[in-house]
1. Given a 1.4 Å probe and every protein chain left where it sits, what share in percent of the accessible area of the chain is carbon and sulfur?
2. Binned at 10 Å from 0, what are the whole-percent values of the Cα-Cα distance distribution for the chain, short to long?
3. Of the residues 150, 110, 35, which exhibits the maximal mean-square fluctuation in a Gaussian network model of the chain defined by a 10 Å Cα contact cut-off?
4. Can you work out the accessible area per residue across the chain, with the rest of the protein chains kept in place, probe 1.4 Å, in square angstrom?
5. Using only C-alpha atoms and all pairs of different ones, pull out the Kirkwood radius for the range 54-127 in Å with one decimal.
6. Taking only Cα atoms and a 10 Å spring cutoff, compute GNM fluctuations for the chain and point out the largest among 124, 134, 83.
Amino acid sequence: MTVRQVVLFPDQRLRIVAEPVVAFDETLRTLVADLLDTVRAAPGIGITAPHIGVLRRVVVLDLPDGSGPRTYINPEIVSRSDETVRQEEGSISMPGITEVVERAARVRVLYRDADGHERMEDAEGLRAICHQHEIDQLDGIFWMQRLPALRRSRLKARFKKAGRIGTE
């Protein structure tokens with residue numbers, strides 16, 4: 001297993017819609033293991049294959065709830081609650097920068113596991129937030145795009161001031 005280089009904002013690869021996984025093989029299992037090693041080294045709680053420059057629909061969540069890491073291949077949100085929650089979010093592609101984002105409080109996610117078996121998960125709390133955040137990333141939507149323009153501009157300025165980005 002390997003810690004991979006994280007793609008940093010404003011790299012345009014973070015805005016590309018990831019392609020579905022079609023082969024559930026050893027290459028996929030290696031990618032999943034690398035994603036887990038990378039998110040733990042970051043440190044973070046969620047990562048997508050695009051975060052390491054692989055444009056495939058793969059998510060690994062390793063939440064602090066003690067449930068252990070979980071892998072989601074080709075995930076899609078099939079339903080969302082009308083109720084919303086506000087949660088501080090950030091990205092391993094934009095280290096050190098966070099902001100409060102409003103999202104659905106609960107989601108139902110259809111996905112495949114690393115062996116290709118179809119699964120369904122109902123999630124709430126942090127797991128629901130993470131599903132929405134990471135599936136947005138798979139769809140080429142960087143988390144800051146969920147913020148009003150003024151807050152987004154301020155975050156970019158903070159990140160640039162910290163010496164972490166050039167221009168977008």
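1. On the way: 4110 of 8560 Å².
Accessible surface attributable to carbon and sulfur in the chain totals 48 percent.
2. Per 10 Å bin, starting at 0, the Cα pair percentages come out as 10, 40, 37, 11, 1.
3. 150
4. Details: 8560 Å² over 168 residues.
Normalised by residue count, the accessible surface of the chain is 51 Å².
5. Working: mean 1/r = 0.0726 Å⁻¹.
Every distinct Cα pair counted, the radius reaches 13.8 Å.
6. With Cα springs under 10 Å in the chain, the top fluctuation among 124, 134, 83 is at 83.
The values are calculated or read from the model by the stated rules, or taken from the named source; none is laboratory data. Small disclaimer: the values here were computed from a predicted structure and weren't measured. For the accessible areas, the whole protein counts, side chains as well, though only heavy atoms, and no ligand, DNA or RNA atoms are used. Shrake-Rupley method; radii C 1.70, N 1.55, O 1.52, S 1.80 Å.
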